[in-house]
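The block underneath contains the structure these notes are about, expressed in structure tokens.
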Amino acid sequence: MKGVASINTKDAKLSMANLYVAFTALLIGALAGLLQVWVRSGKFTLPAGIDYYQVLTVHGVLLGLVLTTFFIIGFIIAGQSKVCGDYSAGERRLGWIGFWMMTIGVAIAATFVLLGEASVLYTMYAPLMAHPLHYIGLTLVVVGSWIQGFSVFIRHARWKKENPGQTSPLLSFMGVATLVLWLVACLGLATTVLVQIIPWSLNLVPTIDVLISRTLFWYFGHPLVYFWLMPAYICWYVIIPKIIGGKIFSDSLARVSFVLFMLFSMPVGFHHQLLEPGIDPFWKYLQVVLTYLVVIPSLMTAFSVFATFELRGRELGATGIFGWWKKLPWKDARFLAPFLGMVLFIPGGAGGIVNASHQMNQMVHNTIWITGHFHLTVASACAMTFFGIAFWLVPSITGRKFTAKMNKLALTQTWFWFIGMFFMSAAMHAAGLQGAPRRSAYSEYAGNPDALSWIPYQLAQAVGGTLLFIGAILMVIIFFSLAFSAPKGEEEFPIAVVHENAEKVPGIFDNFKVWIVVTFVLILFAYTVPFIDMIQNAPPGSPGYTNVIGR
Ligand code: HAS
């Protein structure tokens, strides 16, 4: 049988190119993760003098930056091609230029990590210093991602021009919002890397202002987490309703939540720096308040997803408060994987609210609690949703089938990941409350008398991490089988329509210009005075200019 791809085959190639890199990153990154949990159990030492921080850098960079960015862009391109129509040759060319820049950048950055000259973790905190080419490689990744982003912006603008007066397709709007947020967020990263870190690593300047560098990093780092989350929300709002046979609860509500992410995810970076000296408490307090505002779109999403489940359940005849539960397609991996991601996101989000509370942050900051938090968010809610997307996206755009047998394997993969993550992150949260540090090799804290009480949790982490590793290997097998050996055929590209009772979308929620301006106003409001303070109070040469705060 001949395969029928659900989108233009040239667009599919560009999307798939991104996904190949993403899932190769998963394979190597997951292996690094396995080594980490074993080392932290205290029962295993790394062979051949491999450095723990080198492994940690491989893990963070490949899974936190490479897997996510490539997957997200590949998914948005495929989705946009589906809902807006084929990319033009020029738009696609731009996409390929961006893709190759990113891939070459990853190869350069990875080379220096493997050579042991860039063990600076994914946060690149100065004064840890890597080889300049590592930063240059990462810069290429970022600039390449912008260029791929431009092709998405141009395709969206072309749709608007060709369909005057109409509301843009929701998925395309969400894709653009995600990439606008990414672009604006990257301005902070680009500034610290190009203006501070590269000149310093090239020895052109003798010192670096650590506080400014970390502040610019976290200006980027928090929206980075929403850049990971928003594509998962695209799936929860637009794809999941179709998979369960329902409709989108409200197009406007989905757009409002994405606009709120654009507005409030940038001016909140200080909640990663609550324990750092040199930032006035007033501005920390303000950013904590803004952090609570950025929780709202997630609460709206939880409400909307529940409403979608309930509406569909009632359509199928469910009665009572929770009758709809029985009507959900539990045996469909395309649904189960994102659903279990949502389940883990509930404690993950609650943990985020704890982190953001100034006082409670003192207890958990720099402990392995935080690692538990982000494994429930990015590595569960986002990763499991990305896997759920891959199950249908890959066969759908390559003209293959997601067979019943593959679905079974995907269900097994999903349970391995879910159970593994449950044990690993629960143990991380518990150990964190007892003071177990994050980002630390076992040898660094083994002598600490408190470390004895962490041992049971560290063993539980190792068990959970091993299950997760099996889940990752299964995922890589599923991905490459779907791409190369699944039977040819036709697979649905599930895009839901909006419920007939939903309100019409007000024009303001289809207008990026307004929201981009408001975003910049908020950024200036939250950061201008603190930046002036930092520069005035710690000019070059003053004490603390290159002080070490920790990894
Ligand atoms: Fe976070 C640290 C605060 C969300 C990722 N976070 C991190 C780090 C990462 C990360 C990677 O304020 C570590 C960075 C580093 O290396 O140092 N985070 C928050 C808050 C939220 C939050 C308030 N984080 C995320 C998301 C991430 C992520 C999302 C990745 C994707 N985080 C912090 C803070 C720190 C931090 C501090 C710094 C800590 C420190 O001291 O260093 C909120 O956005 C969370 C809101 C989410 C919810 C959950 C809504 C639930 C939904 C699911 C519905 C379920 C359904 C299923 C429908 C309120 C939408 C129903 C089924 C049933 C069975 C009932």
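The values are calculated or read from the model by the stated rules, or taken from the named source; none is laboratory data. Everything quoted here is computed from the prediction, not taken from an experiment. Note that we place each Cβ from the backbone using ideal geometry, even for glycine, and neighbour counts take in every protein chain shown. For the accessible areas, the whole protein counts, side chains as well, though only heavy atoms, and no ligand, DNA or RNA atoms are used. Shrake-Rupley method; radii C 1.70, N 1.55, O 1.52, S 1.80 Å.
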Inset, instruction - Quick one: which residue in F306, F345, F322 is at pLDDT 95 or above, within 11 Å of the ligand (Cβ to nearest atom) and open to solvent by 30 Å² or more (accessible area, probe 1.4 Å)? - result: F345
Inset, instruction - Output the residues belonging to the stretch 166-175 that are open to solvent by less than 10 Å² (accessible area, probe 1.4 Å) and assigned to a helix (DSSP H, G or I). - result: L171, S172, F173, M174, G175
Legend entry - Conditions (1) open to solvent by less than 10 Å² (accessible area, probe 1.4 Å); (2) polar (S, T, N, Q); (3) at pLDDT below 95; number of the one not met by S257: (3)
Inset, instruction - Just give me the residues in the stretch 90-108 being crowded, with 21+ Cβ neighbours inside 10 Å and aromatic (F, W, Y), in sequence order. - result: F99
Inset, instruction - Answer yes or no: is there a residue in the stretch 82-97 that is over 21 Å from the mean Cα position of the chain (by Cα) and of a type in the set (S, T, Y). - result: yes
Inset, instruction - Go through the stretch 432-453 and give me each residue that's open to solvent by less than 50 Å² (accessible area, probe 1.4 Å) and in a loop (DSSP other than H, G, I, E, B). - result: G435, A436, R438, R439, S440, A441, A446
Legend entry - Test: L63 is assigned to a helix (DSSP H, G or I) and open to solvent by 30 Å² or more (accessible area, probe 1.4 Å): yes
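Could you please find all residues in the stretch 109-133 being in a helix (DSSP H, G or I) and either within 17 Å of F220 (Cβ to Cβ) or open to solvent by 50 Å² or more (accessible area, probe 1.4 Å) (or both)? Please lay out each step first, then the result.
Within the stretch 109-133, the subset in a helix (DSSP H, G or I) is 109-114, 132-133.
The answer is A109, T111, L114, L133.
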Inset, instruction - Name, by its number, the condition in (1) within 15 Å of the ligand (Cβ to nearest atom); (2) open to solvent by 10 Å² or more (accessible area, probe 1.4 Å) that does not hold for R400. - result: (1)
Inset, instruction - List every residue pair whose Cβ atoms sit under 6 Å apart, with the two residues 6 or more apart in sequence or on different chains, where the first one lies in the stretch 341-370 and is free of Cβ contacts under 8 Å to residues at least 60 places away in the same chain and of a type outside the set (S, T, Y) and the second, anywhere, is in a helix (DSSP H, G or I) and open to solvent by 40 Å² or more (accessible area, probe 1.4 Å). - result: V354/M360
Inset, instruction - Show the residue pairs that are 6+ apart or on different chains and have beta-carbon atoms under 8 Å apart, the first residue being within the stretch 50-65 and within 22 Å of V142 (Cα to Cα), the second being within 16 Å of the ligand (Cβ to nearest atom) and of a type in the set (V, I, T). - result: T57/V120; G60/T123; G64/V378
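Hey, can you tell me all the residues within the stretch 141-165 that are open to solvent by less than 10 Å² (accessible area, probe 1.4 Å) and of a type outside the set (G, A, S)? Full working, then the answer.
Restricting attention to the stretch 141-165, the residues satisfying the condition of being open to solvent by less than 10 Å² (accessible area, probe 1.4 Å) are 144-145, 148-149, 151-152, 155.
Hits for the stretch 141-165 are Q148, V152, R155.
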Inset, instruction - Just need a number here: residues in the stretch 266-289 that are in a helix (DSSP H, G or I) and more than 12 Å from the ligand (Cβ to nearest atom). - result: 5
Legend entry - Total residues in the stretch 66-89, condition within 13 Å of the ligand (Cβ to nearest atom) and open to solvent by 10 Å² or more (accessible area, probe 1.4 Å): 1
Inset, instruction - Scan the stretch 269-283 and report the pairs whose first residue is open to solvent by less than 60 Å² (accessible area, probe 1.4 Å) and whose second residue is away from the ligand (no atom under 14 Å from the Cβ) and assigned to a loop (DSSP other than H, G, I, E, B), with Cβ atoms within less than 8 Å and a gap of 6+ or a chain change. - result: G278/A538; G278/G544
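Can you pull out the residues in the stretch 196-253 that are among the small types (G, A, S) and touching a His at 6+ places or on another chain (Cβ under 9 Å)?
Quick first cut of the stretch 196-253, residues among the small types (G, A, S) only: 201, 213, 221, 232, 245-246, 250, 252.
Once the filter is applied, which keeps residues that are among the small types (G, A, S) and touching a His at 6+ places or on another chain (Cβ under 9 Å), the stretch 196-253 yields S201, G221, G246, S250.
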Legend entry - Failed condition for R314, given (1) in contact with a Phe, Trp or Tyr (Cβ under 8 Å, 6 or more places away or on another chain); (2) within 15 Å of the ligand (Cβ to nearest atom); (3) open to solvent by 20 Å² or more (accessible area, probe 1.4 Å); (4) not acidic (D, E): (2)
Inset, instruction - Report yes if P456 is at pLDDT below 95, more than 23 Å from the chain's Cα centre (by Cα) and assigned to a helix (DSSP H, G or I), otherwise no. - result: yes
Inset, instruction - Just one of (1) in contact with a Phe, Trp or Tyr (Cβ under 8 Å, 6 or more places away or on another chain); (2) at pLDDT below 95 trips up H222, so point out which. - result: (1)
Inset, instruction - Using the structure shown, decide if M124 is of a type in the set (A, V, I, L, M), under 20 Å from the mean Cα position of the chain (by Cα) and within 16 Å of the ligand (Cβ to nearest atom). - result: yes
